[in-house]
Amino acid sequence: MTAAHEVPVRGLLRVGVGRPVDLSAIDTRATPGLPPLAVTGPDRKSWAREQVRQLGRDLAEQQEMLYAQAVAGSGTGRRLLLVLQAMDCGGKDGAVRRVAGAMDPLGLHIRAFGPPTAEELDHHFLWRIRRALPPAGYVGVFNRSHYEDVLVVRVDSLAPEEVWRPRYDEINAFESELIDDGFVVIKVFLHISYDEQRERLLSRLTDPTKHWKYHPGDVDARAKWPDYQAAYAEALSRCASERAPWHVVPADRKWYRDWALAHLLREHFVELDLAYPPARFDLGFERARLLAGDGAGPSKVNVG
């Protein structure tokens, strides 16, 4: 594993439990935890991206051990769930592609949540979330999540306050249940500025290869920026717990966003103290049996 970073990033990015959250006080271009030389060096983007590549190898190995333990029946149902939330253009897709993309797709379970379908609206708001949870041994990634039901539902008045406000407690109970069942829950808010969002939206209009990513509704949502910031602040404050804390990652600098997220994942993996499961058979006997069988050679098939 890489030793390029020693200070835990999770502590620097973690939201205080039981404290109000003021997103306006968090610099979206900050780089908490980045080594000083990397912060001031002329090639810091390249440095950070190389670190993410190195960490990707660590993450892939950790994921394989988690998956192997589940296959061998020795993982006690453990799985990891990364919950990503952000304003439009916050970088959720890019973070998944660059960080989670380093892992083996065999053990990944990625789900993006858009507006609920008619069927989903007929059920409790957590119904579709429960159906998308990763199996034991997997790393799950939620691109948006159950938090949309206290964010967009609140801001766009899709339900009255007496409906969405009790959901904070329901979410806390749900996440506590997951942790009791062997989940490691990592919740990350990718925090970008109003100005950075404008630049990213403009780039989608300028670059023909990004036109498909642009939605006119993004501008309508942008007009509600203060309301969304208030909704996020309350969600982060009300649903930050010791067992399932929130982390705010300054995300104006994409290279730092990826670096910080990779470290968050690695730190949580290391805490699991994973290892490859031991063989459940006699290695010497199986090796001898294989070599003895090879002595006979492949059987010949007579033709005609």
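The values are calculated or read from the model by the stated rules, or taken from the named source; none is laboratory data. Everything numeric in this text was worked out from a predicted model, so none of it was measured. Cβ atoms come from the backbone with ideal geometry, glycine included; neighbour counts cover every protein chain shown. Ligands, DNA and RNA are stripped out before the accessible areas are found, and what is left, the full protein with its side chains, is counted by its heavy atoms. Shrake-Rupley method; radii C 1.70, N 1.55, O 1.52, S 1.80 Å.
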| task | List every residue pair whose Cβ atoms lie under 6 Å apart, where the two residues are 6 or more positions apart in sequence or sit on different chains, the first residue falls within segment 10-24 and is farther than 14 Å from P250 by Cβ, and the second residue, located anywhere, is open to solvent by 50 Å² or more (accessible area, probe 1.4 Å). | result | V17/E242
| Can you find even one residue in segment 126-148 that is modelled with pLDDT of 95 or more, acidic (D, E), surrounded by fewer than 13 Cβ atoms within 10 Å (Cβ to Cβ) and assigned to a helix (DSSP H, G or I)? | no
| remark: Note: among R10, R97, just one is over 30 Å from A279 (Cβ atoms), modelled with pLDDT under 95, touching a strand residue (DSSP E or B) at 6+ places or on another chain (Cβ under 7 Å) and in a helix (DSSP H, G or I), namely R10
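Look through R44, R98 and report the one residue that is under 19 Å from the mean Cα position of the chain (by Cα) and surrounded by 14 or more Cβ atoms within 10 Å (Cβ to Cβ). Break it down stepwise before answering.
On the way: R44 fails: under 19 Å from the mean Cα position of the chain (by Cα).
Criteria check complete, one pass: R98.
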| task | Would you confirm whether any residue within segment 79-90 is farther than 23 Å from G182 by Cα, out of contact with any helix residue (DSSP H, G or I) (no Cβ under 7 Å at 6 or more places or on another chain) and touching a residue at least 40 places away in the same chain (Cβ under 8 Å)? | result | yes
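Got a sec? Which of D156, D169, D207, D180 is more than 20 Å from the chain's Cα centre (by Cα), exposed (fewer than 12 other Cβ atoms within 10 Å of the Cβ) and at pLDDT 95 or above? Walk me through how you get there before you give the answer.
Working: D156 fails: exposed (fewer than 12 other Cβ atoms within 10 Å of the Cβ); D207 fails: at pLDDT 95 or above; D180 fails: more than 20 Å from the chain's Cα centre (by Cα).
Every option except D169 fails the conditions.
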| said: Among the residues that make up segment 255-262, is at least one of them crowded, with 21+ Cβ neighbours inside 10 Å and small (G, A, S)? | reply: yes
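For segment 66-86: of the residues being more than 15 Å from the chain's Cα centre (by Cα) and closer than 24 Å to P245 by Cβ, which is surrounded by the most Cβ atoms within 10 Å (Cβ to Cβ)? Step through it out loud before you land on a result.
Filtering segment 66-86 down to residues more than 15 Å from the chain's Cα centre (by Cα) leaves 66-78.
With the extra rule that they be closer than 24 Å to P245 by Cβ, the set shrinks to 66, 75-78.
Values: L66: 23, G75: 20, T76: 10, G77: 12, R78: 18.
So the residue we want is L66.
Does P32 satisfy being more than 26 Å from D218 (Cβ to Cβ) and not in a helix (DSSP H, G or I)?
On the way: more than 26 Å from D218 (Cβ to Cβ): yes; not in a helix (DSSP H, G or I): yes.
Yes, satisfied.
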